[in-house]
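Engineer: Structure provided below as structure tokens; questions to follow.
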């Protein structure tokens, strides 16, 4: 059992204990998040739903799949210019999937991070660079100890400019690697928010449960 599977099991157990009045207060986690300036509602997804994302002002949105979304989200939340992030599922055929459904590897969904960013402070090109540098794009349907199509490498584009820039960046990334990149580059699909306990997981718990490897 991977560390992530153990963590999910612990969360499930905590939920069970809460039902019997034995839950530990989550105040410390709330305090930790409140001091962070990066938001948690990219594209106003909590109001707009999975297909009608609306970034604020002149912000833009981007989506990346790079294995376990806990660690991937945490990395993007450290980037100056990133306004908000959330984790969820995209690229599959099942509407509003649960984590348990996605883990059966039958929904077609990939664990994905939705990012809202201010283009005056960072660029899509910069986000692409961070994406390539912080996971192994040469392993098919797997990252580190995690296996299955939900852990695949993918870039989800919201317009043709992003699509072209993503494809260009893949060529550049390939020139630095020995093994073939298997990353998908596709137009964005409906993005379904993951369960609350997955959101900003590493930030809330002060750890990095999903170390991300590098390709070669």
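Engineer: Under the rule a/c < 1.5 gives rounded, and otherwise a/b versus b/c splits prolate from oblate, where does the stretch 126-216 land using the Cα gyration tensor?
Structural biologist: Numbers: a/c = 1.81, a/b = 1.27, b/c = 1.42.
It comes out oblate by the Cα gyration axes.
Engineer: Rank-order 52-64, 148-160 by packing density, defined as the average count of other C-beta atoms within 10 Å over each peptide's residues, highest first. Mind showing how you got there, number by number?
Structural biologist: Values: 52-64: 17.9, 148-160: 20.7.
Descending mean neighbour count gives 148-160, 52-64.
Engineer: I've got another one for you. Given N residues in the stretch 112-161, what is Rg(Cα) / (2.2 N^0.38 Å)? Can you show the working numbers first?
Structural biologist: Working: Rg = 12.7 Å, N = 50, 2.2 N^0.38 = 9.7 Å.
Computed over Cα atoms of the stretch 112-161, the ratio equals 1.30.
Engineer: Mind giving me the nanometre distance, one decimal, between the label points for residue 47 and residue 159, set 7 Å out from Cα along Cα→Cβ?
Structural biologist: So the two model labels end up 2.2 nm from each other.
Engineer: Rank by packing, highest mean first: peptides 126-134, 111-119, with packing defined as the count of other Cβ atoms within 10 Å averaged across residues.
Structural biologist: Ranking, from highest mean packing down: 111-119, 126-134.
Engineer: So how do 68-78, 163-173 stack up, highest first, on mean other-Cβ count within 10 Å? Mind showing how you got there, number by number?
Structural biologist: Values: 68-78: 23.0, 163-173: 15.8.
For the peptides 68-78, 163-173, the packing ranking is 68-78, 163-173.
Engineer: Need one number: nm distance between label points at residue 186 and residue 54, each 7 Å from Cα along Cα→Cβ, rounded to one decimal.
Structural biologist: 2.7 nm
Engineer: Related question: Based on the alpha-carbon gyration tensor of the stretch 35-205 and its eigenvalue square roots a ≥ b ≥ c, which shape applies: rounded if a/c is under 1.5, prolate if not and a/b is larger than b/c, or oblate? Could you put the intermediate results ahead of the total?
Structural biologist: Details: a/c = 1.39, a/b = 1.06, b/c = 1.31.
Since a/c stays below 1.5, the shape of the stretch 35-205 is classed as rounded.
Engineer: Turning to a different aspect of this structure: Return a whole-number percent for the relative contact order of the stretch 43-197, with Cα pairs under 8 Å and 6 or more residues apart as the contact set.
Structural biologist: RCO, the stretch 43-197: 30 percent.
A short reminder: the numbers here are calculations on the coordinates, not readings from a lab. Please read all numbers here as calculations on a predicted model, not as lab measurements. Cβ coordinates were reconstructed from backbone atoms using ideal geometry, including for glycine residues, and neighbour counts include every protein chain displayed.
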